[in-house]
Amino acid sequence: MKTTALTQKHIALGAKMVEFAGYDMPVLYSGINDEHHAVRKSAGIFDVSHMGEFILKGPNALALIQQVTTNDASKLVPGKIQYSCFPNNDGGIVDDLLVYCIDDKTYMLVVNASNIQKDWDWIMKFNSHDVEMHNISDQTSLLAVQGPDATKILQPLTSMNLNDMVYYTFQKGVFAGCENVLVSNTGYTGAGGFEIYFENKYADTIWDAIMKEGMKFGLKPAGLGARDTLRLEMGFCLYGNDIDDTTSPIEAGLGWITKFSKEFNNSSALKLQKEQGVVRKLVGFKMMEKGIPRKGYQICDESGNEIGIVTSGTMSPTLNEAIGMGYVKSELSSEGTQIFIKVRDKLLKSSIIKVPFVKK
């Protein structure tokens, strides 16, 4: 298994470590609910250094990004970020990603840990214009400090103005005395906060500085377990669960990042989907009877006929209700529609509701 530059810190803090995407990662420290509530009420710090980072450089970098992603990266200016996805040739998604515009000829793509090699090979396949590509994943550490107190904790550590950093923008500068640190505001929890990218050699220094500043605010280290419950409460897709090589961005409700003002891989097929409609749609639902939905559970109608499949599910720590997401037939995807989740051969009443489950 691979490790991050902070693995020993997690072990010293008593984290429960698990294998995730080939990495030894902390799944929890004090407990998923405790960490979840800390992020919603104050702040939590996540080591997400397993994520992948690619640098694309050169006069044709934008053209390559435009071809392989669904969103319109020509709208980006230096300091801006965009959520996007790589469509495959079969109507599915290779991965979802973030595109950072460093300057008009330099971009950073942030991809999922489980897809680093797959994504790299996919982009390379279309790099016929000599775009300079660098996979800096193994040299780069990434921390996410999320929660309403994130700005108060991080601002004393940098001269970058975090108070005025709007959503989906970033700055580069000195952080905790370390050079060339990139701080962004994207978030995967819905609680606000920042992501901090830096060279591995600065990992201990930056972690310790944040933990020290965070003590007075009750900052807690948080693992992948709380990250999952937090993102699900916001209705954010997780690759491998809610989106994958077989799900189209139109089915997944990602039409807003699928821009037909340009041509991209398989754009004609996806445009047809948007115009003609899709057979199934990704929806959010909450359980009306006692039971927790899990990935792979059947979604049924009142008669027990399968109409879809659960892709994510949990007991929401914020709402104290069982919630989930899944694909259902389009004609049964309207808000308020009654559905049934099959749990141990029992059909449990549920209702389709609009995401996010937790309003900001």
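Every read-out reported here was derived from the displayed coordinates using simple, explicitly stated rules and does not represent laboratory data. Keep in mind that what you see is a predicted model, and the values were worked out from it rather than measured. Using ideal geometry, Cβ is built from the backbone for each residue, glycine included, and neighbour counts are taken over all protein chains shown.
Per-structure values
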{"item": "Label-to-label distance, nm, for residues given as Asp34 and Asp103 (7 Å Cα→Cβ offset)", "result": "4.8 nm"}
{"item": "Computed label-point distance, nm, for sites Met211 and Met1 using a 7 Å Cα→Cβ extension", "result": "1.9 nm"}
{"item": "Rounded Å value of the spacing that divides the Cα centres of region 250-300 and region 84-98", "result": "13 Å"}
{"item": "FRET efficiency, 1/(1 + (r/R0)^6) with R0 56 Å, evaluated for Lys274 and Lys201 via beta carbons", "result": "0.75"}
{"item": "Length released on extending from Glu306 to Glu132, taking residue separation times 0.36 nm less the Cα-Cα span", "result": "57.8 nm"}
{"item": "Across Lys172/Lys212; Lys295/Lys329; Lys57/Lys125; Lys16/Lys295; Lys152/Lys220; Lys2/Lys360, pairs whose alpha-carbon gap is larger than 25 Å", "result": "Lys2/Lys360"}
{"item": "Lys/Arg +1, Asp/Glu -1 at C-beta; region 279-353 dipole; positive extreme among Val328, Pro293, Ser350", "result": "Pro293"}
{"item": "Extreme residue, positive dipole direction of the chain, given options Trp122, Leu6, Asn89 (C-beta unit charges)", "result": "Leu6"}
{"item": "Where labels lie 7 Å past Cα in the beta-carbon direction, separation of Asn161 and Lys118 in nm", "result": "4.2 nm"}
{"item": "Over the chain: helical MRE at 222 nm, DSSP H runs n ≥ 4 each giving -39500 (n - 2.57), nearest 500", "result": "-5500 deg cm²/dmol"}
{"item": "Computed lengthening from Gln139 to Gln8, 0.36 nm per intervening residue step minus Cα-Cα distance", "result": "45.5 nm"}
{"item": "Exposure proxy order (Cβ contacts within 10 Å, fewest to most) of Tyr197, Tyr23", "result": "Tyr23, Tyr197"}
